[in-house]
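To keep things clear, I will list the structure first and then write my remarks on it.
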Amino acid sequence: MKKGGKFEGDIKEMIEKAKGLKMFLVQERGPTSFVFKLKMEVDPDLPVEEQQIQEKKSTKVRVDIGNLVHCFHCRTKGQHCEHSLYTLLKIFKVKEKDSLLEVVKFSDR
């Protein structure tokens, strides 16, 4: 992390990963805390019963956007991952080229 709570790394690559995710909002734990269901890719060569089992095993992902960005799935705190960027892009509607995507510390002060 850079001084001032800025993201360090290849933000463009992570934004592309975030845009490719298939996650569905299942719970808002507050105005800045979200739980998603991450849709897993199912192997089409498997029998239908196995495909249904794989679909049910989809992972839950919790992301907090606040004093520090925190993804409980990736166990990252104070740095972005594709899940936190997805949250900023899809839930908060931050534009792809906006410098807010580089910020990892948000405060209401």
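Key figures
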{"item": "Selection within region 30-57 - among the acidic types (D, E) and either at pLDDT 80 or above or within 23 Å of H70 (Cβ to Cβ) (or both)", "result": "D45, E49, E50"}
{"item": "Every residue from region 64-80 that is within 21 Å of K39 (Cα to Cα) and out of contact with any Lys or Arg (no Cβ under 9 Å at 6 or more places or on another chain)", "result": "C74, R75, T76, H80"}
{"item": "Every residue from region 89-107 that is over 16 Å from R29 (Cα atoms) and either in contact with a helix residue (DSSP H, G or I) (Cβ under 8 Å, 6 or more places away or on another chain) or of a type outside the set (K, R) (or both)", "result": "L89, V94, E96, D98, S99, L100, L101, E102, V103, V104, F106, S107"}
{"item": "Sole residue being under 15 Å from I11 (Cβ atoms) and of a type in the set (G, A, S), chosen from S33, S99, S58, S107", "result": "S99"}
{"item": "Matching helices (runs of 4 or more DSSP H) fully within region 4-109 where at least 3 residues are surrounded by 16 or more Cβ atoms within 10 Å (Cβ to Cβ) and of a type outside the set (A, V, I, L, M)", "result": "82-86"}
{"item": "Residue match in region 69-84 (condition: acidic (D, E), modelled with pLDDT of 85 or more and out of contact with any strand residue (DSSP E or B) (no Cβ under 8 Å at 6 or more places or on another chain))", "result": "yes"}
{"item": "Top-ranked residue in region 61-84 [being in contact (Cβ under 8 Å) with a residue 12 or more places away in the chain and polar (S, T, N, Q); ranked as farthest from D10 (Cα to Cα)]", "result": "N67"}
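The values are calculated or read from the model by the stated rules, or taken from the named source; none is laboratory data. A quick note: this is a predicted structure, and the numbers were derived from the prediction, not measured. Using ideal geometry, Cβ is built from the backbone for each residue, glycine included, and neighbour counts are taken over all protein chains shown.
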